[in-house]
Structures are given as C-alpha cells and as structure tokens.
Amino acid sequence: MVDRYNRGRKTIFITDRGYESYNNIAHVIEKGTYFLFRCKDISSNGIIACSKNRLPQNDIFDCHLSLILTRKWTNEILNNRDIYRHFRNAHSFDFLDLDEHIFYNMNLRIVRFQIMIMNVF
C-alpha cells in the first residue's frame, strides 16, 4: 500500500500493533512520508524489545534510537547486538543484500506512555 501511494509528503501512515516490522517501517521511510507505528511494549516480543537495554527504564519516555540493519554475520555484529539487527535471508527486508546494500541505517523516535483507563458511569 505504501509503495503504491503517490500523493505527497504531508501524509502520515498510522499502523496498529502487529504491523510493526523493520521492512514496513523502511518502506514508509523510503517513501519520504511521516509515520506512527503502534508497537508491542518493550516487555513483550516486538521489534522494540530487542533494544530495551538502550531505552530508558521508565514507564514514560521519548527518545531516539539508531539501528543498523544487515544480513551480514560477523563478530562485530555478534558483539554489538544492541546496535545491529541481523536478518537471515529467509526474513523479508527489501532494502538489503550481501553485495551492494550491506547495511541499512534506521533512526527512530520511540515514545512510551502509560494508558490511563477510567471507569465512566
């Protein structure tokens, strides 16, 4: 859907949990539009949970996170898993290969806030 969209830069793509993936985020970034992906919490198994050691340990935060995505598997990548995300060839990521596009830099703003549930009668 993002790849077919052709209306300009003032668009904001909003997705719900379950659609958060590095590949989907990269497609929106490459399109040059704005986005908001609702992700699983850092205590679950979503894509943000892999970076929980680099995020504040507070219930509420607003911070920036830089990642390097790759299909390479070297000692440097193995020893720096908080910076690098490794993709096997079977995993879908359209902007990487092992020849020309070895790394993909992704800069994200991560916002975590508490949802207040109020009983209204």
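By the rule of a C-alpha distance below 26 Å, with chain neighbours fewer than 8 residues away ignored, the lysines paired with Lys72 are Lys31, Lys52. Surface composition of the chain: carbon and sulfur make up 50 percent of the accessible area, probe 1.4 Å. Under the simplified labelling scheme, the Lys10-Ser66 pair shows an inter-label distance of 3.2 nm, with each label point 7 Å from Cα along Cα→Cβ.
Annotation: Cα Rg of the stretch 1-65 relative to the compact-globule expectation 2.2 N^0.38 Å equals 1.24. Scattering from the stretch 66-121 was approximated by placing one identical point on each alpha carbon and applying the Debye formula without solvent; log10 I(q)/I(0) at 0.15, 0.16, 0.28 1/Å stands at -0.53, -0.57, -1.18.
Database remark: amide H of Phe13 closer than 5 angstrom to the amide H of Tyr34, Phe35, Leu36 (H placed geometrically; neighbours at sequence offset of 5 or more, or on other chains; Pro and chain starts carry no H). Computing FRET efficiency as 1/(1 + (r/R0)^6) for Val120 and Asp59, where r is the C-beta to C-beta distance and R0 is 35 Å, gives about 0.90.
Taking a quarter of the surface of the Cα convex hull of the chain gives a mean projected area of 10.1 nm².
Accessible area per residue of the stretch 33-121 at 1.4 Å probe, in Å²? So the stretch 33-121 comes to 75 Å² accessible per residue, rounded to a whole number.
Applying a DSSP loop filter and a limit of 16 other Cβ atoms within 10 Å to the trypsin sites (Lys or Arg not before Pro) in the stretch 1-88 leaves Arg4, Arg7, Arg9, Lys10, Arg17, Arg38, Lys40, Lys72, Arg81, Arg88.
Rounded to the nearest 500, the helix-only mean residue ellipticity at 222 nm of the chain stands at -3000 deg cm²/dmol, with each DSSP H run of n ≥ 4 adding -39,500 (n - 2.57). Could you compute the net charge surrounding Thr70? Neighbours are other residues with a C-beta less than 15 Å from the C-beta of Thr70; K and R count +1, D and E count -1. Value of the local net charge: -1.
Rounded to the nearest 20 debye, the dipole size of the chain about its Cα centre is 260 debye, using +1 on the Cβ of Lys and Arg and -1 on the Cβ of Asp and Glu.
The values are calculated or read from the model by the stated rules, or taken from the named source; none is laboratory data. None of the values given here were measured: they were computed from a predicted structure. Please note: Cβ atoms are built from the backbone with ideal geometry, for glycine as well, and neighbour counts cover all protein chains shown. Note: accessible area is taken over every heavy atom of the protein model, side chains too, but ligands, DNA and RNA are not part of it. Shrake-Rupley method; radii C 1.70, N 1.55, O 1.52, S 1.80 Å.
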